[in-house]
Amino acid sequence: MKTRVRVKKDFTMSLFAVLLGMLAGALLMLVTGSNPIENFYYLFRGGLMNIERIGNTLATATPLIFAGLSVAFAFKTGLFNIGGAGQMLIGGLCATAIGLTFSWPKPILLTVIVLASLFGGALWGALPGVLKARFNVHEVVSTIMMNWIAYWSVFYIVPQYFKGPFLETESQRIPEAASLKIPWLTSLFSGSYINLGIFLAVVCVVIISIILERTTLGYELKAVGYNRDAASAAGINVNRNIVLSMAIAGALAGLGGATFYVGFASNMQIGVLPSQGFDGIAVALLGANSPWGALAAAIFFGLLHTGKGFMSAMTVTPPEISDTIIATIIYFAATSVLIERNWNRIKQYSPVALYKKVRPGGVDSTAGGEQ
Amino acid sequence: MEDLIYRLFPYAIAFTIPLLITSLGGLFSERSGVINIGLEGLMLMGMFVGAYTISQTEMHYPGTAVWIGLLAAMVFGAIFALLHAFACVTLNANQVISGIAINMIASAITVYLARFLTGSGNVQIIRGLSRYTIPYLSEIPVLGRLFFTQTYATTWFVLFILAASTFLLYKTRFGLRLRACGEHPHAADSAGVNVYLMRYAAVCISGACAGLGGATFIVTLSGEFNGTAAGLGFLALAALIFGQWKPWGILGATFFFGFASTIANVSQVVPELSQVPGIYLKTFPYVITLIALVLSSKSSQAPKAIGEPYDKGKR
């Protein structure tokens with residue numbers, strides 16, 4: 001009973017944040033003189049109108065699922081991983097480097113690419129974990145630093161070793177064998193960007209929810225997140241769990257990097273920190289830090305991102321409206337504490353509560369039971 | 001070699017100044033107890049507002065347009081920072097998440113508005129600030145050539161703000177109260193300080209400073225708004241930490257980082273520097289900040305109450 005109330009509450013909060021975010025987007029559209037209803041119609045139509053667009057929505061959502069899982073997983077251990085962007089870059093760099101260097105058969109090559117991006121990301125995530133466990137360096141600061149170390153490393157490594165034939169600012173295209181796109185899936189979705197990454201993402205959602213809910217490891221990680229001192233007193237190795245949690249979070253983001261750079265795209269651009277790393281924070285917040293919630297939230301954001309091109313082609317509204325909506329959702333999700341604090345007060349005025357209140361004798365028995 | 005240093009110095013200083021003022025903004029916010037990861041976004045807002053204001057006014061007021069732009073950037077930076085202050089101070093939100101939201105809102109909305117207002121995502125200005133050499137002072141041996149030739153007016157303006165801020169923070173009642181809010185807000189409150197008001201003021205000052213930093217970058221180095229602050233705000237944040245939350249510390253840190261970045265930036269065009277591995281110079285500020293954090297982990301100078309929402313009822 002208790003958990004169901006929590007889930008319902010989380011869902012309502014997320015819905016609040018989404019509605020407020022879309023309201024802010026609508027306001028911005030109104031201020032800049034366009035019709036919000038028409039815009040939203042084209043935005044959603046652009047993400048859903050045919051099988052190819054649906055495929056693109058899922059393909060755009062894939063790296064977001066990983067980034068969201070990464071943030072949500074670290075959150076469970078009380079750690080705030082804002083290094084998703086850097087971990088994605090390193091994962092993508094490992095994937096691209098292997099894809100461009102070796103010419104093995106596709107199944108072997110893809111396995112190695114996925115493993116390489118996983119380990120690259122894990123390494124990039126574990127280092128802030130070690131700094132936190134060993135030296136008490138706050139992971140927010142160290143992951144920011146790691147983001148920019150990754151940014152500048154890619155900035156110099158890609159042009160030096162994997163320079164594209166035309167532009168200094170991008171890598172060569174990866175060969176077909178190194179791409180997560182596979183012919184039958186592409187043709188099933190009539191030529192969309194969808195790739196194996198989406199299956200990988202769903203598998204990871206399942207694995208992570210099993211780890212968190214059904215294993216000793218997950219129990220320990222969450223215990224460290226709830227109360228570090230209590231966990232330590234109960235004999236849990238807090239430092240080991242911090243490093244492990246960050247490494248797993250990094251590995252997830254690294255995989256996301258592979259699905260973005262060798263799945264959705266076919267080469268790496270330098271001088272860009274992938275926005276999915278930060279969108280992942282929104283995904284995790286909106287998904288209430290649960291793996292399945294992150295999956296749903298990522299698909300919603302994937303929809304916003306896929307539809308924005310179509311919307312801006314059909315109307316005069318610039319495509320950045322989607323990014324504005326997502327950013328505003330984060331802001332409202334951050335401030336949802338206000339709603340949370342007044343949750344019980346708000347609940348009093350909900351239709352159900354009002355009904356219970358008018359019903360004779362109903363008020364005391366129900367109000368006590370749910371808290 | 002000597003000649004090279006003389007040639008590089010003006011660029012290094014020009015690169016340092018936007019970092020310095022943004023970092024100083026972060027100092028105000030963090031010394032009052034509010035983490036400000038939104039510096040990058042506040043800077044970007046300053047870049048956009050500065051560039052747009054200048055591009056609109058420079059036809060009519062060619063001489064003063066730059067200064068109008070800088071002022072507008074400060075004002076809008078402060079207003080935009082109110083959003084962060086509202087979330088962190090009034091709503092007790094998570095300061096890190098709010099800062100990230102500030103960054104994302106800034107990078108989305110500035111490009112949105114730029115596209116809406118100019119048709120493309122870029123805003124160009126025709127004339128930036130011109131460099132000039134200060135008479136007499138530039139004739140001092142060595143120092144004159146390093147510091148007083150080819151300088152921008154904004155450099156002296158920002159250094160003046162740095163000196164004034166140091167005075168404000170360490171020698172006035174306002175500064176003492178502001179720092180108290182970051183160290184022990186409950187003690188400050190019981191001494192009659194309005195913690196909420198002080199934190200609002202500090203976050204707004206940080207927005208104004210970061211906005212000025214962004215606009216300064218536009219009028220001195222880049223000349224156009226192109227939708228990204230390219231990590232300058234985060235570099236300023238690193239400098240704030242490396243400078244251990246002290247005004248003169250961040251002066252040293254930003255100059256250190258600014259010089260390294262300048263060498264990496266110009267190494268492509270200066271033959272003497274073509275062998276310099278840019279990757280080390282560009283990652284160096286972040287690596288050394290991490291090292292500094294590790295070394296100072298036992299005796300961190302960070303404000304004690306940083307990141308904690310102030311709750312009156314808590315003991």
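The values are calculated or read from the model by the stated rules, or taken from the named source; none is laboratory data. Keep in mind that what you see is a predicted model, and the values were worked out from it rather than measured. Note that we place each Cβ from the backbone using ideal geometry, even for glycine, and neighbour counts take in every protein chain shown. When the accessible area is computed, the model is the full protein with side chains, heavy atoms only, and any ligands, DNA or RNA have been set aside. Shrake-Rupley method; radii C 1.70, N 1.55, O 1.52, S 1.80 Å.
Side notes on the structure shown:
- Test: residue in segment B:45-54 that is without any contact (Cβ under 8 Å) to a residue 60 or more places away in the chain, within 14 Å of chain A (Cβ to nearest Cβ) and crowded, with 24+ Cβ neighbours inside 10 Å: no
- Candidate set from segment A:132-145 (those that are under 16 Å from B:PHE242 (Cβ atoms) and open to solvent by 20 Å² or more (accessible area, probe 1.4 Å)); member that is farthest from the other protein chains (Cβ to nearest Cβ): A:HIS138
So that you can scan it fast, the table gives a plain yes or no per residue for (1) within 17 Å of A:MET145 (Cβ to Cβ); (2) β-branched (Val, Ile, Thr); (3) open to solvent by less than 50 Å² (accessible area, probe 1.4 Å); (4) assigned to a helix (DSSP H, G or I):
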position	(1), (2), (3), (4)
B:PHE234	yes, no, yes, yes
B:ALA238	yes, no, yes, yes
B:TRP245	yes, no, yes, no
B:GLY249	no, no, yes, yes
B:GLY252	no, no, yes, yes
B:PHE255	no, no, no, yes
B:PHE259	no, no, yes, yes
B:ASN265	no, no, no, yes
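- Qualifying residue in segment B:241-261 (condition: within 26 Å of B:ALA108 (Cα to Cα) and not charged (D, E, K, R)): no
- Filtering segment B:83-97 to residues that are open to solvent by 10 Å² or more (accessible area, probe 1.4 Å), over 12 Å from B:GLY307 (Cα atoms) and either among the charged types (D, E, K, R) or at the interface with chain A (Cβ under 7 Å from one of its Cβ atoms) (or both) leaves only B:LEU91.
- Evaluation of B:ALA230 against (1) within 20 Å of the chain's Cα centre (by Cα); (2) in a helix (DSSP H, G or I); (3) among the aliphatic types (A, V, I, L, M) (one fails), failing number: (2)
- Taking segment B:64-79 as the range and being open to solvent by less than 70 Å² (accessible area, probe 1.4 Å), more than 15 Å from the chain's Cα centre (by Cα) and within 13 Å of B:PHE157 (Cβ to Cβ) as the test, only B:VAL66 passes.
- Which numbered condition A:LEU43 misses (of (1) in a helix (DSSP H, G or I); (2) under 20 Å from A:VAL154 (Cβ atoms)): (2)
- For segment B:109-133, a residue qualifies if it is surrounded by 15 or more Cβ atoms within 10 Å (Cβ to Cβ), more than 10 Å from chain A (Cβ to nearest Cβ) and not in a strand (DSSP E or B), and the qualifying residues are B:THR118, B:ILE125, B:GLY128, B:LEU129.
- B:ARG145 among the basic types (Lys, Arg) and within 14 Å of chain A (Cβ to nearest Cβ): no
- Some residue of segment B:231-247 being out of contact with any strand residue (DSSP E or B) (no Cβ under 7 Å at 6 or more places or on another chain) and free of Cβ contacts under 8 Å to residues at least 24 places away in the same chain: no
- Any hit, segment A:48-66, residues being within 14 Å of chain B (Cβ to nearest Cβ) and either small (Gly, Ala, Ser) or open to solvent by 40 Å² or more (accessible area, probe 1.4 Å) (or both): no
- Residue within segment B:206-218 that is within 21 Å of B:ALA78 (Cβ to Cβ) and surrounded by fewer than 23 Cβ atoms within 10 Å (Cβ to Cβ) present: no
- For segment A:170-277, the helices (runs of 4 or more DSSP H) that sit wholly inside it and include 2 or more residues that are in contact with an Asp or Glu (Cβ under 9 Å, 6 or more places away or on another chain) are A:238-259.
- All positions within segment A:291-323 that are at the interface with chain B (Cβ under 8 Å from one of its Cβ atoms), open to solvent by 10 Å² or more (accessible area, probe 1.4 Å) and assigned to a helix (DSSP H, G or I): A:ASP323
- Search result, residues across segment B:275-306 that are assigned to a loop (DSSP other than H, G, I, E, B) and farther than 12 Å from B:HIS184 by Cα: B:GLN275, B:VAL276, B:PRO277, B:SER296, B:SER297, B:LYS298, B:SER299, B:SER300, B:GLN301, B:ALA302
- Pairing each residue of segment A:146-171 that is away from chain B (no Cβ under 12 Å) with any residue that is polar (S, T, N, Q) and open to solvent by 30 Å² or more (accessible area, probe 1.4 Å), provided the two are 6+ apart or on different chains, yields C-beta distances under 6 Å for A:PHE162/A:GLN172; A:GLY164/A:GLN172; A:GLU170/A:GLN269.
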